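Novice: My questions will all concern the structure given below.
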Amino acid sequence: MTYFIFSVILVLAYITFNFFAEKPEKKSSWAWIIGLALVIGGAFHIANYFIMPTFAYDCWPVYIEMIIFTAFSILFTSMRVSDGDTGLELDNDAIRHTFFGGWIGVALLGLASLYTWDNLHTQFQRNLLEVKDTVDVRTSNGNSAFSPIPVEKMKLKPVEVAKRNVLNMMGDLKNTFELSAFTLQSATIHCDVETYDGKKYRLDYDNQLVYVSILEFKNFWTWKTQKYSPAYVLVDAATGEAYIITKVNGEDIQIRYTHEAAPFSTVGANFSYNLERHLRSNGFASTILDDFNVEIDENGRPFAPVTTLKKVVGMSTPQVTGVAVVDIQTGDIKWYKPQDAPSFVNRIYPEWLVFERIKNWGEYPNGYFHWTNNDGLLQPCEGMDIVQTKTGCCYYVGIQAKTGTFDTEGYMLVDIRTGAATYYKRDGISEAEAINTITNSNYKRGKTEIVMAQQLNDSILHLTEPIFYNIDGRNTFFAMFVANADLTVKYYAFCSADSKGVVGIGENLMQAKAAYNDAYNRHLANKASSKLQTTDKMLVVTLEAEVLEKVAENDAYYLRLKGQEDKIFYTYSNLLPEIRWSSKKVKITYMKTDDKEIAITSYKALD
């Protein structure tokens, strides 16, 4: 409705403009003016209907459209019906005035843009990032106990792997539907579901990372035939288990409102069922909309939380005002402030906005100009990821020095729901150095040595962005090698964030962790600093115990020991060849951990 009213205003403005400019008296002149007015109004309405610009005083589209409208108005006013038989006449002076007026409008927009230039508001830009706390991971307490990202919440399946798993399950659905963008959500869900293949499951998730996607209509004709999408997709981010869910608690899934960001695209729902158009038509035409996602509530119902923003410095610097939560089955819309949003809504702050704020926070500690000293300037590392912390989902991004050797300074966790940030200072290597260390390490499979760098250079594998974890009290980066051919995880990799060259790679998580423990143990033995040795040795546990059970699976060996019946100790024969020897009593060492499955770092038979 807003776009229609805007078009009517343009029609009336054009008629009024011509009335005062030309004072037409003949019917032919009035017919020409009214006809052109309707053409202009109709053209703007059609364009706005599909492009869906934000009509607000602090947004550019309304001003750009007014400049274009003014230019067309002057140009068309110079065209009039002649008194003779020559048809239309052109007023060359009016045409020159058109271009002159257009340049004046552009100049005014340029001045407005200059006023909103970020560099004139540096302190304000820096303070937009709410850094609630700064934690020094370099302290002894940090090294031994600090763990903001729980290891049990690790995301073990990258989004491309999750998507491939679903595509392999879709079958004939691929002829009609496409998968929307995957949203990573920390989900608490308790419901009964039925999947596309007719199987029934009970979903019980408690703050577990899952990917959510919906089936988008492939084109206009499938939308017109189907009218609604019959399923959404749920993938466990840890195990990769995927479900194409068609029923929740006995009710059919009927998704009618979907979103496709590209203007004039035929993918997804069309006309009033386009999610953005539905919002624009229901009170959000003057609101900046961003970050269209899909998330699942506690009862398994799909919703689309859409972030709403406004500009806080002229026509720049967006600020989150809330979230519009749309029931994509019924179309019901409810708007909330960030602090009042339903608990199932994870993502309110867009990734691009958070990255920009971190960038400004690091760049403007003392204003824009730094004539003599650039020390102390920070910048976010390339690549952001969503991780699950003890308090909720956060954006993870490394922080490094902006000048010099770009040394690592730490990392930042920003709550994707509230925008609150915590800055963790640390020493050691950066994400970029971790990538270099991991890619230049080789993996031994029996007598075969696999050169990881060559696999990457040949485009056989690609490496995911490294994430910082606390692994058994050690600052560690974790990444995965994914096969380009079938998008499966081929290798897992752990890399010390404190010491270069300490890397463990394996074909499963336990094997990689065991290799990492072995590499770390070897590194520990070669350290020259006694102070560091003392600190690290406090993490090493030595145990002598009777062997209750020993199981071998290929090159993996698992032990159950007397007095430690609730734990499984494991290693691999390529790391500790002596594990092959049978013994009733053993002496082992391992790194202190609360895990129930513990990697052995040394092994000795005592009989």
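Novice: Can you pull out the residues in segment 389-438 that are part of a strand (DSSP E or B), surrounded by 19 or more Cβ atoms within 10 Å (Cβ to Cβ) and of a type in the set (Gly, Ala, Ser)?
Specialist: The answer is Gly398, Gly410, Ala421.
Novice: Considering (1) within 20 Å of the chain's Cα centre (by Cα); (2) part of a strand (DSSP E or B); (3) modelled with pLDDT of 95 or more, say which one Gln319 fails and leave the rest.
Specialist: Of (1) within 20 Å of the chain's Cα centre (by Cα); (2) part of a strand (DSSP E or B); (3) modelled with pLDDT of 95 or more, only one is false for Gln319: (3).
Novice: Let me ask something else about it. Taking segment 451-488 as the region of interest, how many residues are crowded, with 20+ Cβ neighbours inside 10 Å and among the hydrophobic types (A, V, I, L, M, F, W, C)?
Specialist: 11
Novice: Right, something else. Might you let me know whether segment 10-28 holds any residue that is in contact with a strand residue (DSSP E or B) (Cβ under 6 Å, 6 or more places away or on another chain) and surrounded by fewer than 17 Cβ atoms within 10 Å (Cβ to Cβ)?
Specialist: Looking for residues that are in contact with a strand residue (DSSP E or B) (Cβ under 6 Å, 6 or more places away or on another chain) and surrounded by fewer than 17 Cβ atoms within 10 Å (Cβ to Cβ), one finds at least one in segment 10-28, hence yes.
Novice: For segment 267-288, name all the residues that are modelled with pLDDT of 90 or more and touching a helix residue (DSSP H, G or I) at 6+ places or on another chain (Cβ under 6 Å).
Specialist: Ala285
Novice: Right, another one. Take residues that are out of contact with any helix residue (DSSP H, G or I) (no Cβ under 7 Å at 6 or more places or on another chain) and at pLDDT below 70 and tell me which of the helices (runs of 4 or more DSSP H) falling wholly in segment 37-135 contain 1 or more. Explain how you work it out, then say what you get.
Specialist: Numbers: elements: 60-77, 92-115, 122-127.
In segment 37-135, the matching helices (runs of 4 or more DSSP H) lie at 92-115.
Novice: Closer than 27 Å to Leu203 by Cβ and out of contact with any Gly (no Cβ under 9 Å at 6 or more places or on another chain) - does that describe any residue in segment 276-287?
Specialist: No, segment 276-287 contains no residue that is closer than 27 Å to Leu203 by Cβ and out of contact with any Gly (no Cβ under 9 Å at 6 or more places or on another chain).
Novice: Is there a residue in segment 475-496 that is at pLDDT below 85 and not in a strand (DSSP E or B)?
Specialist: no
Novice: Quick check on this structure: which one of Thr195, Thr188, Thr183 is within 20 Å of Asp385 (Cβ to Cβ) and modelled with pLDDT of 90 or more?
Specialist: Thr183
Novice: Continuing with the same structure: Please enumerate the residues belonging to segment 443-466 that are hydroxyl-bearing (Ser, Thr, Tyr), out of contact with any Asp or Glu (no Cβ under 9 Å at 6 or more places or on another chain) and assigned to a loop (DSSP other than H, G, I, E, B).
Specialist: Ser459 - this is the single residue of segment 443-466 that is hydroxyl-bearing (Ser, Thr, Tyr), out of contact with any Asp or Glu (no Cβ under 9 Å at 6 or more places or on another chain) and assigned to a loop (DSSP other than H, G, I, E, B).
Novice: If you don't mind, another one. Among the residues of segment 213-241, count how many are crowded, with 20+ Cβ neighbours inside 10 Å and more than 20 Å from the chain's Cα centre (by Cα).
Specialist: 4
Novice: While we're looking at this one, here's another question. Using beta carbons and a limit of 7 Å, which pairs, at least six apart or on different chains, have the first residue in segment 59-71 and surrounded by 15 or more Cβ atoms within 10 Å (Cβ to Cβ) and the second one of a type in the set (S, T, N, Q)?
Specialist: Ala71/Thr98
Novice: So, one more: How many residues does segment 417-470 hold that are under 25 Å from the mean Cα position of the chain (by Cα) and basic (Lys, Arg)?
Specialist: The qualifying residues number 3.
Novice: Among the residues of segment 548-595, write down those that are among the hydroxyl-bearing types (Ser, Thr, Tyr), modelled with pLDDT under 85 and not in a strand (DSSP E or B).
Specialist: Ser573, Ser582, Thr593
Novice: All but one of (1) closer than 21 Å to Val212 by Cβ; (2) surrounded by fewer than 20 Cβ atoms within 10 Å (Cβ to Cβ) hold for Ile296; state the number of the condition that does not hold.
Specialist: Result: Ile296 fails condition (2) only.
The values are calculated or read from the model by the stated rules, or taken from the named source; none is laboratory data. This one's a predicted model, so the numbers in the text were calculated from it and none came from an experiment. Cβ: placed from backbone, ideal geometry, glycine included. Neighbour counts: every protein chain shown.
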